[in-house]
1. For region 428-460, give me each residue that is open to solvent by 40 Å² or more (accessible area, probe 1.4 Å) and either in a strand (DSSP E or B) or in contact (Cβ under 8 Å) with a residue 24 or more places away in the chain (or both).
2. Quick check on region 55-85: of everything there that is modelled with pLDDT under 80 and assigned to a helix (DSSP H, G or I), which residue is least open to solvent (accessible area, probe 1.4 Å)?
3. Among the residues of region 352-365, are any open to solvent by less than 100 Å² (accessible area, probe 1.4 Å) and in contact with a Gly (Cβ under 9 Å, 6 or more places away or on another chain)?
4. What residue, of E289, E266, E259, E302, is closer than 24 Å to R84 by Cβ and charged (D, E, K, R)?
5. Could you tell me whether region 119-136 includes any residue that is part of a loop (DSSP other than H, G, I, E, B), modelled with pLDDT of 55 or more, under 30 Å from L40 (Cα atoms) and among the polar types (S, T, N, Q)?
6. Here is a list of conditions, (1) farther than 14 Å from V215 by Cα; (2) open to solvent by 40 Å² or more (accessible area, probe 1.4 Å); (3) in contact with a helix residue (DSSP H, G or I) (Cβ under 6 Å, 6 or more places away or on another chain); (4) modelled with pLDDT of 80 or more, and F186 meets all of them except one; can you say which number that is?
7. I'd like the full set of residues that are polar (S, T, N, Q) and more than 24 Å from F481 (Cβ to Cβ), limited to region 387-435.
8. Condition test on G468, is it part of a loop (DSSP other than H, G, I, E, B), open to solvent by less than 70 Å² (accessible area, probe 1.4 Å) and of a type in the set (G, A, S)?
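The values are calculated or read from the model by the stated rules, or taken from the named source; none is laboratory data. What you see is a predicted model, and the numbers here were worked out from it, not measured in a lab. Cβ: placed from backbone, ideal geometry, glycine included. Neighbour counts: every protein chain shown. Keep in mind that these areas ignore ligands, DNA and RNA; they rest on the heavy atoms of the full protein, side chains included. Shrake-Rupley method; radii C 1.70, N 1.55, O 1.52, S 1.80 Å.
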Amino acid sequence: QIDSFLWKTFSGGLFEKKTSWTPVTLPMAKSLRCGVCGILLRNVVEAQNHGQATGHGSFEESTEVIKVMKCISCGKPCRTDAERDMHKRFTGHAEYVEEAAEAILNTEQEMKEVRDAMEEETDILRASLGKPPRAKAAAGTHGAEPGSEAGDSGGEMVSAEVPEALLKEMEEMGFARNRAVRAIWFSKAVTSVEAAVNWLLEHDTDPDIDEPLMVKKADIEGAAGGSGAEGGSSKEPVDPAEARRKAEELFRKAREKREKEEKELERQRELERIRAGKEMQKMREKDEELALKRIAEQRKREKEEEARAREELRKKLEEDRKERRRRLGLPEELTEEEKAREAEKRKKQEDEEASKKAFNYVKPVSALSKMRNQLVDLKKQHAGGAAGGSGEEAFKTACATMMRYLGNIAANPGEEKFRSIRMANAAFQQRVSALPGAIDFLITCGFEKTEDALVMRPEKVNAELLNGAGGALNEALTNPFFGML
């Protein structure tokens, strides 16, 4: 199980059966392309890391060269724009030069090196557990499952026969019958289940571990002879309890290693997710920028078309005017007197439009900003218990009351009763004036403080200012994060 787990973890999905590896015949392969997301990778190791982080398992060779932006200041290579921007933000380095990796990729050689490194790691792990190194596979047999029945062709295939006592003992330990048969057969166990348990721990993830074992009849006869020869040996049987304890210990070690590898894999996936998220964000920003450019170009075309249509309409109106004058027996061009009247008429229209624009009220940005700051300060002071306040609920009550005052004035600006608030009013004192700063907010809205009342004179009524104040009060009531940023 440990060897199988190490193979699966080390390969990162690249050599698993579910992985689709497509070596395309290309004259000069420069990179590997992920068949799922299309990212370019330099070598098999990067493909393994990418497979571990994303779960992608389909790769193919590509002639496309991977371009890298190298920092001129420190020499760090940045493969993506997001990585370059992050390096620039943290170091302040702003100069980069683009480089391209022109090395030819030898996928088969790199995969062989990866397999050799993996086998070396496996032998080190087995040595730490006190086990001999695994036998080296013959050339061209990489990837064959240990103990596979796919051996030499020929011979009658029958069910494997193992010692019944060992089989019964392993079943009592909780192993399935087919698994126990395979473990006893391939470990060549005769008097003890220890070797069978060790074999089963190593091959627990084999795809055919739970299938019935079929072997050659000649192999059964040879095994029977070998067992007879070994039967006379002085090897002492192992206590089942001791074998079970050892199996549990090996399971525990394998589980701890698996958990450690899974944590590291999760960390790598999180880093890959962050990198992919930054790439997606950058792509979205580019798409939005292109969309804005397209909208600006569309508006420009629309304005040009509108100007052409207006010019054509003007020409048509001019032709119609000349035609009417010809029918009336008048010259096509206007006389000096008529031109003077037209000029006077245009000037009068321009003066009227200018006077209308002069009375258009400009939104008082400074006053609205001041009102919002007053509400923020009012909320912070009151939430902190200023003047014996009762908390958020009293602040919302004051805002709702002031919003009702201003709404009545905006709806009925001519009603004097709505433009006057008695200071001695019990409801006003309890809901509004009890909060320090509330009266200052009303004064900013246009009220004037007299001896016994707050009064808003008719010329002080400003619809835009009242609407802005109402919007600020509504935000303070509905936005739970109002004043926190």
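1. R431, A434, P436, D440, E448, K449, D452, V455, R457, P458, listed by residue number.
2. A82
3. yes
4. Details: E266 fails: closer than 24 Å to R84 by Cβ; E259 fails: closer than 24 Å to R84 by Cβ; E302 fails: closer than 24 Å to R84 by Cβ.
Of the residues listed, the single one that is closer than 24 Å to R84 by Cβ and charged (D, E, K, R) is E289.
5. no
6. The one condition F186 does not meet is (1).
7. Keep residues of region 387-435 that are polar (S, T, N, Q), which gives 390, 397, 401, 408, 412, 420, 425, 429-430, 433.
Scanning region 387-435 gives N408, N412, S420, N425, Q429, Q430, S433.
8. On the way: part of a loop (DSSP other than H, G, I, E, B): no; open to solvent by less than 70 Å² (accessible area, probe 1.4 Å): yes; of a type in the set (G, A, S): yes.
When the stated conditions are applied, G468 does not pass them.
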